[in-house]
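Input: a single structure, listed below in structure tokens.
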Amino acid sequence: MIRIDSVTKRYPDGTVAVDRLSLEIPDRSITVLVGPSGCGKTTTLRMINRMVEPSEGRILLDGADIREQPVNTLRRSMGYVIQNAGLFQHRTILDNIATVPRLLGWNRQRARARAAELMERVGLDSSLAKRYPYQLSGGQQQRVGVARALAADPPVLLMDEPFSAVDPVVRKGLQEELLRIQDELGKTIVFVTHDIDEAIKLGTMVAVLRTGGRLAQYAPPAELLTAPADDFVEDFLGTDRGIRRLSFFASSALELTTTPIVAVDSTAEQIATRGAGEAPYLLVTDLDGRPLGWGEPGELTAGRIDPGRLLPYGRPFEHGQESLRAALDGAVLSPTGWAVGVDGTGRVVGVVSQQTIGEAIRSAHAEGGDAGATAGTEAKVSG
């Protein structure tokens, strides 16, 4: 949908913010621009809606030069989300979201009905409709910003570091919400960030820019992690890119075992039988099958296991829905070195050792990039 063709932005003092940049931005996908400060990410984004005019080159939208249509018409056809949301403080949440539809001539009733619909879509409670931005948390304000950008149903959504001002927990939730909305609506999204983890999680394609606005590499996230184009890209990705790459391999291939699992009310015979396997510890679950912790077989009392005396079980991973990275993380966080696999309801479906996870990782690498292809979308959703 968007083609950036040899675009340069040069300012009167001679500073080159973007240097002969060419990109084909796929339709109905998330393309992430990432790089260090001064690499031209935001300038590139703003040239797409003509908040900044390029010095050279062309930007095409559906094959037509964006300079061929009035700038206000162009901007109203694109959603725009910025850091800290940029909301109108004197307007209610409902009226903030309804801003662009009202500018396009929608009557108030229709615009507010659309705003109410979008509040639900972005996960905002309807009780917030008559509040003002200062009465909302940072995460809620960012959701309002996304809803406002979607209000007129634009085909293109431009997002300039929209989640960088919120804490990590809220940021993760906003990222997952964006992926959910994108799965439903299929917009063409151009997303700017300086965070490579965010770029890998969200991007269908990732463009790594150098200082001075030159393109270093443009590739899907899995390819970026597997084959950095040069030392600059490799350094920018960081020393743990191998761990990040595991996000593109599904955990469904892991062989879980149920042998070292006992319920909190297990008998002495059950504890003895289960404790005879390869695992030095037993995972104890409650009566609904949810994990409570690990214990040594000899220290578990039949019929009345005390959860307070158990070792923590770390972070469980959802088997088949989360990636090998999540499974490895669970094993590393567990003091026993075993990860706990659960289903969508949090009930234990099995456990797996670091050794087995390591074998699965080696197998995945041996099979090459194709092994992670089907896990790519899932891994972006659930990590």
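The values are calculated or read from the model by the stated rules, or taken from the named source; none is laboratory data. In this text the structure is predicted, and so the values were computed from the model without any measurement. Every residue, glycine as well, gets a Cβ built from its backbone with ideal geometry; the counts of neighbours run over all protein chains shown.
Remarks
- Scanning segment 18-39 for residues that are in a strand (DSSP E or B) and under 28 Å from the mean Cα position of the chain (by Cα) gives VAL18, LEU21, SER22, LEU23, GLU24, ILE25, ILE30, THR31, VAL32, LEU33, VAL34.
- Residue in segment 135-149 that is in the same structural domain as LEU33 (by TED's automatic domain parsing) and free of Cβ contacts under 8 Å to residues at least 12 places away in the same chain present: yes
- Candidate set from segment 165-202 (those that are touching a helix residue (DSSP H, G or I) at 6+ places or on another chain (Cβ under 8 Å) and of a type in the set (S, T, N, Q)); member that is surrounded by the fewest Cβ atoms within 10 Å (Cβ to Cβ): GLN175
- GLY295 passes every criterion in (1) surrounded by 19 or more Cβ atoms within 10 Å (Cβ to Cβ); (2) at positive phi apart from (2).
- Of all residues in segment 175-187, those that are in a loop (DSSP other than H, G, I, E, B) have Cβ atoms under 6 Å from Cβ atoms of residues that are not hydrophobic (A, V, I, L, M, F, W, C), 6 or more apart or on another chain, in GLY186/ARG28.
- Residue in segment 137-146 that is surrounded by the most Cβ atoms within 10 Å (Cβ to Cβ), counting only those that are under 21 Å from PRO101 (Cβ atoms) and more than 18 Å from the chain's Cα centre (by Cα): VAL144
- Annotation: ARG131 fulfils all but one of (1) assigned to a loop (DSSP other than H, G, I, E, B); (2) crowded, with 17+ Cβ neighbours inside 10 Å; the unmet one is (2).
- LEU287 out of contact with any helix residue (DSSP H, G or I) (no Cβ under 6 Å at 6 or more places or on another chain), farther than 30 Å from SER6 by Cβ and assigned to a loop (DSSP other than H, G, I, E, B): yes
- Within segment 22-34, the set of residues being more than 18 Å from ASP65 (Cα to Cα) and out of contact with any helix residue (DSSP H, G or I) (no Cβ under 6 Å at 6 or more places or on another chain) comprises ARG28, SER29, THR31.
- Summed over segment 330-352, residues that are closer than 22 Å to ASP240 by Cα and either modelled with pLDDT of 95 or more or buried (at least 21 other Cβ atoms within 10 Å of the Cβ) (or both) total 5.
- Residue check, ARG304 more than 25 Å from ALA366 (Cα to Cα), among the basic types (Lys, Arg) and either in a loop (DSSP other than H, G, I, E, B) or touching a Leu at 6+ places or on another chain (Cβ under 7 Å) (or both): yes
- ALA219 at pLDDT below 95, in the same structural domain as LEU21 (by TED's automatic domain parsing) and of a type in the set (Gly, Ala, Ser): no
This table checks each residue for (1) assigned by TED's automatic domain parsing to the domain that holds PRO101; (2) touching a helix residue (DSSP H, G or I) at 6+ places or on another chain (Cβ under 6 Å); (3) closer than 18 Å to LYS9 by Cβ; (4) among the basic types (Lys, Arg).
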{"position": "PRO36", "(1), (2), (3), (4)": "yes, no, yes, no"}
{"position": "GLY40", "(1), (2), (3), (4)": "yes, no, yes, no"}
{"position": "MET51", "(1), (2), (3), (4)": "yes, no, yes, no"}
{"position": "LEU60", "(1), (2), (3), (4)": "yes, no, yes, no"}
{"position": "ARG67", "(1), (2), (3), (4)": "yes, no, yes, yes"}
{"position": "LEU87", "(1), (2), (3), (4)": "yes, yes, no, no"}
{"position": "HIS90", "(1), (2), (3), (4)": "yes, no, no, no"}
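- Among the residues of segment 69-85, those identified as touching a helix residue (DSSP H, G or I) at 6+ places or on another chain (Cβ under 8 Å) and modelled with pLDDT under 90 are ARG76, ILE82, ASN84, ALA85.
- Residues of segment 64-91 that are touching a residue at least 60 places away in the same chain (Cβ under 8 Å), among the small types (Gly, Ala, Ser) and more than 17 Å from SER164 (Cα to Cα): SER77, GLY79.
- Some residue of segment 310-324 being part of a helix (DSSP H, G or I) and closer than 18 Å to LEU254 by Cα: yes
- When residues of segment 188-199 are limited to those that are assigned to a helix (DSSP H, G or I) and in contact with a strand residue (DSSP E or B) (Cβ under 7 Å, 6 or more places away or on another chain), the one nearest to ILE243 (Cα to Cα): ILE196
- Scanning segment 40-87 for residues that are in a loop (DSSP other than H, G, I, E, B), more than 26 Å from the chain's Cα centre (by Cα) and surrounded by 13 or more Cβ atoms within 10 Å (Cβ to Cβ) yields ARG50, MET51, VAL52, PRO54, SER55, GLN69.
- Pairs where the first residue, in segment 273-284, is assigned by TED's automatic domain parsing to the domain that holds ALA302 and closer than 8 Å to THR336 by Cβ and the second is of a type in the set (Ser, Thr, Tyr) and part of a loop (DSSP other than H, G, I, E, B), C-beta under 6 Å, 6+ apart: TYR281/THR336
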